[in-house]
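The values are calculated or read from the model by the stated rules, or taken from the named source; none is laboratory data. Predicted, not measured: the structure shown is a model, and the values here were computed from it. FYI the Cβ positions are ideal-geometry reconstructions off the backbone, even for glycines, and counts take in every protein chain you see. To get the accessible areas, we keep the full protein, side chains included, count just its heavy atoms, and leave off ligands, DNA and RNA. Shrake-Rupley method; radii C 1.70, N 1.55, O 1.52, S 1.80 Å.
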Amino acid sequence: MCSMGFARSLGFALLPLAVCCIMANILLFFPGGEIQYVQQERLSRLIWFMMGIGGGGVLMFLPAGVFISLGKCTGCCWNESFMMCGSVMAALVGLAGSGYCFIISAMAMLEGPQCFTALGWSYPFANEGGRYLMEKDTWSKCLQPVSIVEWNVTLMSILLGLSGLEFIICVLQVINGLVTAVCRPCCYKQDYTLNA
């Protein structure tokens, strides 16, 4: 029973993380709160992969819903095992979504934002391998959108952190579900044989 309660608490933990991923990804479309850059398609190309909306956001509602909806075992020990196997499958979907969000966010952070420089619209940090993250004085290369580097680094860091937490939660549920699905029937079988 406590394995189901643990799974439910993991589900409730996933919900705010998914909502925050969606919000962070939406904010990436509006640097500095301005809509002109999305209309002119002057955003970083990896933002269009919707890593926070799809991977870390909407896709995470499936495992969260499955974990939360886990009911009590009603008279049959196999029932709990089957439910936990289903939750493992949902957790694997969550692992894929959070992993997608993490990888695309990391790639976007390494590439840096698209911005207007003295040479026109370009990716001034694309070939630096993320070195620009440690050299804050180079951020002034980007003239427009205002503070785009800070905007992208902050929101990408948030997405990396949130998707990392989602990944850990889903790994915990995979372990919880497998241990429960495999060990519970064996434990019940031993109880029956000891009582006989």
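Per DSSP H run of n ≥ 4, the term is -39500 (n - 2.57); total these for the chain, divide by its residue number, and report the mean residue ellipticity at 222 nm rounded to 500 deg cm²/dmol. Mind showing how you got there, number by number?
Details: 5 runs with 125 residues, N = 196.
My calculation for the chain gives -22500 deg cm²/dmol from helical runs alone.
Net charge near L133: determine it from the other residues with C-beta under 15 Å of the C-beta of L133, scoring Lys and Arg +1 and Asp and Glu -1.
Spelling it out: positives minus negatives among the neighbours equals -2.
Find which of L59, L133, Q39 sits farthest along the positive direction of the dipole of the chain, computed with +1 on the beta-carbon of Lys and Arg, -1 on that of Asp and Glu, about the Cα centre.
The residue sitting farthest along the positive end of the dipole is L59.
When the chain is fully extended, how far beyond the present Cα-Cα distance does I35 get from C85, taking 0.36 nm per residue of separation? Could you put the intermediate results ahead of the total?
Details: separation 50, 0.36 × 50 = 18.00 nm, distance 4.48 nm.
Gain on stretching I35 to C85: 13.5 nm.
Express in nm, to one decimal, how much length is gained between L92 and F12 on full extension, taking 0.36 nm for each residue of separation and deducting their alpha carbon distance.
Contour length minus the Cα-Cα distance gives 27.1 nm.
If the elastic network links every pair of Cα atoms under 10 Å, which of A118, A181, A96 fluctuates the most in the Gaussian network model of the chain?
It is A118.
Show the residues, 5+ positions off or on another chain, whose built amide H is closer than 5 Å to the amide H of G130.
It is none; the list stays empty.
Under 5 Å between amide H atoms, partner at least 5 residues away or on a different chain: which partners does T117 have, H built in plane at 1.01 Å?
It is S122, L143, by chain and number.
Mind checking which helices in the chain clear 24 Å along their axis (Cα) and have mean Kyte-Doolittle hydropathy of 0.0 or more, DSSP H runs only?
Long hydrophobic helices here: 2-28, 77-111, 148-195.
Using a 10 angstrom cutoff on alpha carbons, build the Gaussian network for the chain and name the most mobile of I169, I53, I103.
Sorting by GNM fluctuation, first place goes to I103.
Enter the accessible area per residue of the chain (Å², integer; probe 1.4 Å; all protein chains in place).
The answer is 51 Å² per residue.
Rounded to a whole number, what % of the accessible area of the chain do carbon and sulfur atoms account for, probe 1.4 Å?
On the chain, the fraction of accessible area on carbon and sulfur atoms equals 71 percent.
Treat each spin label as a single point 7 Å out from the Cα along the C-beta direction, and report the M107 to V179 distance in nm.
3.5 nm
Just checking my list (1) 1.14; (2) 1.19; (3) 0.97 against Rg/Rh (Cα atoms, Kirkwood Rh) computed from this structure; which label fits?
Matching the structure shown: (2).
Just read off the accessible area of V93 with the full protein assembly in place, 1.4 Å probe, to the nearest 10 Å².
V93 exposes around 50 Å² with every protein chain in place.
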